[in-house]
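Below you'll find the structure, written out as structure tokens, and then a few comments.
The values are calculated or read from the model by the stated rules, or taken from the named source; none is laboratory data. Here the structure is a predicted model, which is why all the values come from computation and not from measurement. Note: ideal-geometry Cβ built from the backbone for every residue, glycine included; neighbour counts use all protein chains shown. Keep in mind that these areas ignore ligands, DNA and RNA; they rest on the heavy atoms of the full protein, side chains included. Shrake-Rupley method; radii C 1.70, N 1.55, O 1.52, S 1.80 Å.
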Amino acid sequence: MAVIPGDSVVPDEAQPVLVEIVRSGFVEGVHRGRLVLLESDGTVALSIGDPHAVLLPRSCSKLMQATGMLEAGLDLHGELLAIAAGSHAGAPIHIEAVRKILAGAGLGEQDLQTPAAAPGDEEALAEFHQRGEEPAPIYFNCSGKHAAMLATCVVNGWPTDTYLDPAHPLQLACRAAIERLTGDRIGAEAVDGCGAPLLGVSLLGLARAVRACVLAEPDTHERRVADAMRAHPEYVAGEHKLDTHAMRAVPGLLAKTGAEAVYVAALANGRALAFKIDDGSQRAIAPVLAEALRRLDVPDADVAGFGAAPLLGGGRPVGMLRTVFG
């Protein structure tokens with residue numbers, strides 16, 4: 001079904017509170033949302049809110065889309081596969097990787113249909129301005145995925161100019177992978193920020209998908225994606241991003257952020273999580289992720305570095321974002 005403008009599957013006010021905003025001991029606000037935790041055998045360990053309601057997974061779809069591209073014949077490995085499933089920050093290593101994918105397919109930056117953007121990495125952005133560059137499609141954080149989509153088209157002899165059409169064979173391959181890994185039928189169809197088709201699934205389906213990727217047999221398509229992301233987390237996000245830090249801090253963790261505060265992660269033992277902060281606040285992600293991982297028996301020492309989200313007053317900490325499901 002198509003998304004109807006203004007339509008809402010579950011109104012924000014109906015969602016449970018996941019995070020309290022505490023300033024000087026006073027709760028001045030909350031972040032509501034949904035969360036699901038899975039045990040290693042796939043059973044639900046904890047569910048807050050409706051895990052079956054349809055949501056738009058945003059960039060949490062990328063590991064599934066990359067799986068679909070491998071199934072369609074794409075042959076990427078290592079950091080190039082990681083950035084195909086990632087949301088990069090526009091650092092030099094990211095731009096070089098995207099250009100390698102394009103060049104390997106005999107294509108160039110002009111073939112990308114991502115919106116023009118500037119780097120998201122602060123150092124890269126400063127250098128970008130020093131060079132006097134203008135925003136370009138390759139700096140958009142989804143350009144790795146788009147380069148891989150174009151390369152998949154070339155492998156199969158599919159047209160590249162219409163690769164974002166929902167009816168294109170490439171997008172049908174990605175759709176099939178999403179349905180297979182989530183175990184869901186597509187519940188909504190929209191357009192993502194990068195221009196690619198965006199398919200609605202359930203929170204439970206997202207958790208099932210990331211779990212399936214880490215538990216798949218070695219050298220299967222979904223396991224190749226998971227292994228590449230975990231081996232090269234700096235290509236999944238960037239040196240200063242939560243996904244990179246989390247995967248380095250927690251052994252065997254596969255993690256991915258989506259816009260509007262969607263998040264998926266799975267441990268090597270198959271325990272998995274997915275959540276959505278309803279107001280889209282990125283600041284609520286780290287404390288929820290840290291507490292969710294604690295509930296999955298990850299040691300405090302592994303999550304301490306990214307769970308804190310202090311509130312400042314006069315330049316010093318006077319409060320915090322506090323989870324309320326621990």
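Of all the criteria given as (1) open to solvent by 10 Å² or more (accessible area, probe 1.4 Å); (2) of a type in the set (A, V, I, L, M, F, W, C); (3) in contact (Cβ under 8 Å) with a residue 24 or more places away in the chain; (4) within 20 Å of ASN269 (Cα to Cα), the one not satisfied by VAL210 is (1).
Report yes if some residue within the range 127-148 is among the aromatic types (Phe, Trp, Tyr) and part of a loop (DSSP other than H, G, I, E, B); otherwise report no. Looking for residues that are among the aromatic types (Phe, Trp, Tyr) and part of a loop (DSSP other than H, G, I, E, B), one finds at least one in the range 127-148, hence yes. Being open to solvent by less than 10 Å² (accessible area, probe 1.4 Å) and over 13 Å from GLU222 (Cα atoms) is the filter here, so list the residues in the range 56-73 that pass it. Correct list: PRO57, CYS60.
If a residue counts only when it is within 16 Å of the chain's Cα centre (by Cα) and modelled with pLDDT of 95 or more, which strands (runs of 3 or more DSSP E) contained entirely in the range 1-85 have at least 1 such residues? Outline the logic, then answer.
Values: elements: 17-23, 26-38, 44-48.
Fully inside the range 1-85 and qualifying: 26-38.
Using the structure shown, decide if LEU38 is in contact (Cβ under 8 Å) with a residue 40 or more places away in the chain and within 23 Å of LEU172 (Cβ to Cβ). Taking the combined requirement at face value, the residue does not satisfy it. Taken over the range 86-98, the criterion of being assigned to a helix (DSSP H, G or I) and within 15 Å of ALA117 (Cβ to Cβ) is satisfied by HIS94, ILE95, VAL98.
Just the residues that are surrounded by fewer than 24 Cβ atoms within 10 Å (Cβ to Cβ) and within 12 Å of the chain's Cα centre (by Cα), please, taken from the range 259-281. Across the range 259-281, the qualifying residues are ALA259, GLU260, ALA261.
Here the range 249-258 is the region considered, the condition is being of a type outside the set (Gly, Ala, Ser) and within 10 Å of the chain's Cα centre (by Cα), and the residue that is least open to solvent (accessible area, probe 1.4 Å) is LYS256.
Please go through the range 159-191 and pick out each residue that is within 17 Å of LEU70 (Cβ to Cβ), open to solvent by 60 Å² or more (accessible area, probe 1.4 Å) and not charged (D, E, K, R). The one that is within 17 Å of LEU70 (Cβ to Cβ), open to solvent by 60 Å² or more (accessible area, probe 1.4 Å) and not charged (D, E, K, R): LEU172. Quick one: in the range 282-301, which of the residues that are at pLDDT 95 or above and of a type in the set (Asp, Glu) is surrounded by the most Cβ atoms within 10 Å (Cβ to Cβ)? Only one residue tops the list, namely GLU291. Going through the range 225-259 one residue at a time, which ones are touching a Leu at 6+ places or on another chain (Cβ under 7 Å) and touching a residue at least 60 places away in the same chain (Cβ under 8 Å)? Selection gives VAL225, ALA226, ALA228, MET229, ALA246, LYS256, THR257.
Scanning the range 217-240 for residues that are out of contact with any strand residue (DSSP E or B) (no Cβ under 8 Å at 6 or more places or on another chain), among the basic types (Lys, Arg) and more than 18 Å from LYS100 (Cβ to Cβ) yields one hit, ARG223.
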